[in-house]
Amino acid sequence: MDKKYKHFETAVIHHGYDSKQHAGSLSVPLYQTSTFTFENAEQGEQRFAGEADGFIYSRLGNPTVRVLEEKMAILEGGEAALAFGSGMAAVSAVLLSLTKAGDHIICSQGLYGCTFGLLQLMEEKYNISHSFSWLSNEEELRQLITPQTSCMYIETPINPTMKVIDLSMVAAVAKEHNIPVIVDNTFSTPYLQKPLELGCDIVLHSATKYIGGHGDVVAGVVVGSRERMEHIRGTTQKDIGGIISPFDAWLLTRGLKTLPVRMDRHCENAEKIFSRLKEHKRVKAVYFPGDEEHPDFLITQKQMRKGGGLISFEMNGSKKDAQRFLNALQLIKIAVSLGDTETLIQHPATMTHSVIPLANRLEMGISDQLIRLSVGLEAWEDIWEDLKQALDSLA
Ligand code: LCS
């Protein structure tokens, strides 16, 4: 699809699909097939040799999946994209493609629990070490770089502490050493933040979250240069095989069409909620990148369109109090995941980040009193009423 759309809102709907090539079908057709027939043996040979275009087998590419990949590439400002069967399949395909035994990875101080688990596994099995850092200035970052450093892996805002990393600063230092920077853009989506435009090399997503947006798909996406994507497609995607199903790609393409509208509303609702939470006497601290008093607010302003739809907050009291608060909610659902139409709430220390050893967890800023709230698309007044009655019930 070579047509360029000036605006994100138009590209997200139209890019990557031409209805004329599909009997005029407005909606992207679902190619629910495992394989593709060849007209003759020679055509099969040519496709396998990369000498002729065309699909071969759905683990290597599928037309419904391809529409999603085309859209995600353009939205992130990359050349190409790859879709996966989960965010973790995307994370592992990228990390395994960029590292070999003995290498070193620099990471943000704070990562999704299973990404932390994967890093530990890579260390145990392949002696690939990692260092965590707040990455708060160039000096701190430079000191971590060793001859074995093969990539940097960053979440921003970080799950679940909502700390923000200056991506152009990290990218500039990494470039001096020719080290690729990977950014997990799950919390922001390309609508709020575009790491490739800030000089980073690879963006990935748990598309399970805002990209799908409706809580009905587990999926992942990676975006970057065509060369890097073709390398991953032909190695850690093809041979490890964590691909997405055509139906899940279809659902994501459908969800994506409303991404800007949903994100605007998630952000607006979060703005209303964070300021009220801050004033409640049962709440000790609120972490929201859109808060002018957030320590990283200047970075947020520089690299994010808005503060996003996620808020973390620390409660006064004990872990038991935090759990009593969750149990008192009536509208808001206790569930991991985020970015759905429904407001979801969870307790990172015992849920998403429970696999992280206590000392590391505390270093990352995940206390027993920390709560993560994914603000949904309901009327903000109803979301706040539920939070308030649950907080008041503890008094
Ligand atoms: N990256 C981030 C920032 C995530 O939050 C998650 C999942 C993943 C990667 C992995 O994606 P998945 O394989 O689940 O699609 N985060 C979750 C969370 O915070 N609650 O439940 C899952």
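The values are calculated or read from the model by the stated rules, or taken from the named source; none is laboratory data. Since we're looking at a predicted model, the values are computed, not measured. Glycine gets a Cβ as well: all are built from the backbone with ideal geometry, and neighbour counts include every protein chain shown. Protein only, heavy atoms only, side chains kept; ligands, DNA and RNA dropped before computing areas. Shrake-Rupley method; radii C 1.70, N 1.55, O 1.52, S 1.80 Å.
Observations
Per-residue answers, yes or no, for (1) outside the structural domain of M162 (by TED's automatic domain parsing); (2) open to solvent by 10 Å² or more (accessible area, probe 1.4 Å); (3) out of contact with any strand residue (DSSP E or B) (no Cβ under 9 Å at 6 or more places or on another chain):
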site	(1), (2), (3)
C267	yes, no, yes
R282	yes, yes, no
F297	yes, yes, yes
Q303	yes, yes, yes
I311	yes, no, no
R324	yes, yes, yes
N327	yes, yes, no
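Residues are listed down the side, and each one gets a yes or a no for (1) touching an Asp or Glu at 6+ places or on another chain (Cβ under 9 Å); (2) open to solvent by less than 10 Å² (accessible area, probe 1.4 Å); (3) in a loop (DSSP other than H, G, I, E, B):
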site: L111; (1), (2), (3): yes, yes, yes
site: F116; (1), (2), (3): no, yes, no
site: Q120; (1), (2), (3): no, no, no
site: E123; (1), (2), (3): no, no, no
site: L135; (1), (2), (3): yes, yes, yes
site: P147; (1), (2), (3): no, no, yes
site: A174; (1), (2), (3): yes, yes, no
site: I182; (1), (2), (3): yes, yes, no
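- Of all the listed residues (G376, G317), the sole one being part of a loop (DSSP other than H, G, I, E, B) and closer than 13 Å to N269 by Cβ is G376.
- Selection from the stretch 164-189 of residues that are out of contact with any helix residue (DSSP H, G or I) (no Cβ under 9 Å at 6 or more places or on another chain) and within 16 Å of the ligand (Cβ to nearest atom): F187
- Selected residue (criterion: nearest to the ligand (Cβ to nearest atom)) from residues of the stretch 332-349 that are open to solvent by 60 Å² or more (accessible area, probe 1.4 Å) and in a loop (DSSP other than H, G, I, E, B): V336
One line per residue, one yes/no per condition, for (1) under 18 Å from V65 (Cβ atoms); (2) in contact (Cβ under 8 Å) with a residue 12 or more places away in the chain; (3) within 21 Å of the chain's Cα centre (by Cα); (4) more than 15 Å from the ligand (Cβ to nearest atom):
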| site | (1), (2), (3), (4) |
| --- | --- |
| V217 | yes, yes, yes, no |
| G224 | yes, yes, yes, yes |
| M229 | yes, yes, yes, yes |
| W250 | yes, yes, yes, yes |
| L256 | yes, yes, yes, yes |
| I273 | no, yes, no, yes |
| E279 | no, no, no, yes |
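- Cβ-Cβ under 7 Å pairs, at least 6 apart or on other chains, the stretch 190-208 side within 15 Å of the ligand (Cβ to nearest atom) and part of a helix (DSSP H, G or I), far side modelled with pLDDT of 95 or more and open to solvent by 10 Å² or more (accessible area, probe 1.4 Å): L192/M304; L192/R305; L192/K306
- Filter result for T33 (in contact (Cβ under 8 Å) with a residue 40 or more places away in the chain and not in a helix (DSSP H, G or I)): yes
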